[in-house]
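Working notes, structure below.
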Amino acid sequence: MNSITLGPLSKADGEIQIPGSKSLSNRILLLATLAKGTTKITNLLDSDDIRHMLESLTQLGVNYRLEDKGTTCVLEGLGGPIQADFGDLFLGNAGTAMRPLTAALCLGQGEFRLHGEPRMHERPIGDLVDALKALGVDIQYEGEVNYPPLRIKANGLNGGEVSIKGNISSQFLTAILMSAPLARQDLTIKVDGELVSKPYIDITLHAMKQFGVEVENQNYQAFIVKAQQTYQSPGEIMVEGDASSASYFLAAAAIAGGKIKVHGVGTDSVQGDVKFAEVLEKMGAKITYGPTWIEAERQTLKGVDLDMNHIPDAAMTIATTALFAEGTTRIRNIYNWRVKETDRLSAMATELKKLGAEVIEGEDFISVTPVKTLQHAAIDTYNDHRIAMCFSLVAFSDTPVTINDPGCTSKTFPTYFELFNQVTQS
Ligand SMILES: O=C(O)C1=C[C@@H](OP(=O)(O)O)[C@@H](O)[C@H](O)C1
Ligand SMILES: C=C(OP(=O)(O)O)C(=O)O
């Protein structure tokens, strides 16, 4: 298997422009498709997850052209639902393509099949399917109940009132929210039980607003959306940098000697994962913010015990940063790590233990206690981009680290190791 060995590294220093946000890129592509008018999207992320959305849009007859090495997209909006009669869409392992497209395709009249990589077929989607069925959609599982592949015979979305479970993934609510303005009648969406990953709903509402649609948010327990609206293209829209991708560089500076300034995310950002920097600050790092940048600098780090449900992706970076902090770090309320690219709770525990760290894997938490000298290990990445990226930080210990299948970062950050090499020194 292809692998790379990094380190030992002693310094992380420099400035970096972080590529566009995955969450915003895929939301904006879908909203631009449904909107009236042409949208020029700049700083679009060029990665597997976005490619799956773009290739699906092509198959569905949406016209767009890519410029600037795939980071600009000029897309002709449909001014309403997707018109295709048929589509057999492969969505890889991109939750932000699979879930929102499932709901959006219901708005039209065609017949669609949505499927993905084997892992996508192990990631639950039943809560979204149940809500869509309650809104009158003919949607079936091709194989196992609750999991893709899905088959849809679209005939529009009814309104009224619908409940959706929020305890597995916020992407189900995001999917219904984005499609709701095109439903037949006004829709009240009630969140049944706990809502995980809440800041991603703010990203959704923000993106919808940029396309001219306002939603009444009743304290994240109910959302009211007026029917028969038309999204309006904002003309030009820039995707901000990816806050989850920024986490690896901020952590690198917090761990190693030196300073890193990440451009593309800052106090103006709408992404919840900028709050990762606050966790680093709590661990002792020096963090400085500007509207569109964040800078991190090393100080002595200490372990923290925090609920990180609001930053599930960036929280993985805390798990490896913990190897460089005094005492134990406990990352709590992260049950849904288990239904992402892999069972991340189990995978992170297994790989951290290979390094010699003391790890406790709970049902919904992980605790990491570092050891003085880490062991060299070949880290398995389980086709999970974030495992490859967060374990690169181990290179700041006295021991090198080997990352198996580093190419898996192509899901959200194909140039990760290139940029990592640019700002680190042995
Ligand atoms: O809506 C989004 O853009 C995302 C929501 C989160 O998923 P969950 O809501 O499933 O936790 C996050 O982990 C994922 O990477 C992106
Ligand atoms: C969970 C993730 O991806 P997805 O959008 O496929 O859910 C992630 O990027 O960490």
Please give, to one decimal in nm, the separation of the simple spin-label points placed at Glu76 and Gln299, each 7 Å out from Cα toward the Cβ.
-> 5.6
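Just to confirm a number: summing +1 for Lys and Arg and -1 for Asp and Glu over residues other than Ala349 whose beta-carbon lies under 14 angstrom from that of Ala349, what do you get? The partial results should precede the final answer.
Details: positive: Arg330, Arg338, Arg344, Lys353, Lys354; negative: Asp343, Glu351, Glu358, Glu361, Glu363, Asp364, Asp380, Asp384.
Residues close to Ala349 contribute a combined charge of -3.
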Stretchable slack from Glu214 to Thr415, in nm (0.36 nm times residue separation minus alpha-carbon distance) | 68.8 nm
Could you list the square roots of 5 times each eigenvalue of the Cα gyration tensor of the chain, that is, the equivalent ellipsoid semi-axes, sorted largest first and rounded to whole Å?
-> 37, 22, 20
Go ahead and set up a Gaussian network model of the chain, Cα springs under 10 Å, then flag whichever of Val191, Val274, Val262 fluctuates most.
-> Val191
Say we join alpha carbon atoms closer than 10 Å with springs in a Gaussian network model of the chain; which of Val145, Val196, Val359 then has the biggest fluctuation?
-> Val145
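What number, in nm² with one decimal, is the all-direction average of the projected area of the convex hull of the alpha-carbon atoms of the stretch 1-66?
Working: hull surface 29.3 nm².
For the stretch 1-66, the mean projected area of the Cα convex hull comes to 7.3 nm².
Report the calculated FRET efficiency for Arg338 and Gln221 (r = Cβ-Cβ distance, R0 = 25 Å), to the nearest 0.05. Could you put the intermediate results ahead of the total?
On the way: r = 25 Å, r/R0 = 1.00.
Efficiency for this residue pair is about 0.50.
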Globularity ratio of the stretch 293-362, using Cα Rg and 2.2 N^0.38 Å | 1.12
Separation of alpha-carbon centers, the stretch 230-281 and the stretch 140-205, rounded to whole Å = 27
First compute the accessible area of the stretch 22-221 with a 1.4 Å probe, then give the percent of it belonging to carbon and sulfur atoms.
-> 42
With a Förster distance of 22 angstrom and the Cβ-Cβ distance between Glu236 and Gln17, calculated FRET efficiency to the nearest 0.05 equals 0.70
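Counting other Cβ atoms within 10 Å, which GluC sites (Glu not before Pro) in the stretch 340-369 have at most 12 and lie in a DSSP loop?
Numbers: sites: Glu341, Glu351, Glu358, Glu361, Glu363; in loops: Glu341, Glu363.
Taking the stretch 340-369 and a limit of 12 other Cβ atoms within 10 Å, the loop GluC sites (Glu not before Pro) found are Glu363.
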Expressed as a rounded percentage, what relative contact order does the chain have, with Cα pairs under 8 Å and six or more residues apart?
-> 19
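Determine the calculated [θ] at 222 nm for the chain from helices alone, applying -39500 (n - 2.57) to every DSSP H run no shorter than 4 residues and normalising by the residue count; nearest 500 deg cm²/dmol. The partial results should precede the final answer.
Values: 12 runs with 119 residues, N = 426.
About -8000 deg cm²/dmol.
Any idea what the relative contact order of the stretch 22-221 is, in percent, if you count C-alpha pairs under 8 Å spaced at least 6 apart? Walk me through the numbers before you get to the answer.
On the way: 418 pairs, mean separation 35.6, N = 200.
Relative contact order, the stretch 22-221: 18 percent.
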Tabulate in residue order the Karplus-calculated ³J(HN,Hα) for the stretch 318-326, using 6.51 cos²θ - 1.76 cosθ + 1.60 with θ = phi - 60°, rounded to whole Hz; enter x for Gly and Pro.
-> 5, 4, 8, 4, 4, 5, 10, 10, 6
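For the pair Leu66 and Glu281, what calculated FRET efficiency results from E = 1/(1 + (r/R0)^6), where r is the Cβ-Cβ distance and R0 = 30 Å, to the nearest 0.05?
Details: r = 38 Å, r/R0 = 1.27.
Once the sixth-power term is evaluated, E becomes 0.20.
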Probe 1.4 Å, all protein chains in place: accessible area of Arg51 in Å², nearest 10?
-> 100
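Which pairs break 18 Å Cα to Cα here: Lys22/Lys340; Lys198/Lys275; Lys133/Lys153; Lys282/Lys340; Lys153/Lys411; Lys165/Lys198?
On the way: Lys22/Lys340 15 Å; Lys198/Lys275 13 Å; Lys133/Lys153 11 Å; Lys282/Lys340 27 Å; Lys153/Lys411 29 Å; Lys165/Lys198 13 Å.
As for pairs spanning more than 18 Å Cα to Cα, those are Lys282/Lys340; Lys153/Lys411.
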Residue-normalised value, i.e. accessible area per residue, for the chain at 1.4 Å probe, in Å², stands at 37
Computed over the stretch 22-221, Cα set: Rg, Dmax in Å = 15.4, 44
How far, in nm, would the chain grow between Asp398 and Thr38 when pulled straight, counting 0.36 nm per residue and subtracting the alpha carbon separation?
-> 124.3 nm
Rounded to the nearest Å, what's the spacing between the alpha carbon centres of the stretch 94-123 and the stretch 312-344? Just the number, please.
-> 28
Whichever aspartates and glutamates have a C-alpha closer than 17 Å to that of Lys259, once near sequence neighbours (fewer than 8 apart) are set aside | Asp13, Glu15, Glu278, Glu281, Glu295, Glu297
So for the pair Glu142, Asp192, with labels modelled 7 Å out along Cα→Cβ, what separation do we get in nm?
-> 2.6
With springs connecting C-alpha atoms under 10 Å apart, model the chain as a Gaussian network and identify which of Gly116, Gly407, Gly235 has the largest mean-square fluctuation.
-> Gly235
Excluding residues on the same chain fewer than 8 positions from Lys36, give the lysines whose Cα lies under 21 Å from its Cα.
-> Lys209, Lys226
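The values are calculated or read from the model by the stated rules, or taken from the named source; none is laboratory data. Note that the structure is a prediction, hence the values are computed from the model and not measured. Don't worry about glycine lacking a Cβ; one is built from the backbone with ideal geometry, like all the others, and counts go over all protein chains shown. For the accessible areas, the whole protein counts, side chains as well, though only heavy atoms, and no ligand, DNA or RNA atoms are used. Shrake-Rupley method; radii C 1.70, N 1.55, O 1.52, S 1.80 Å.
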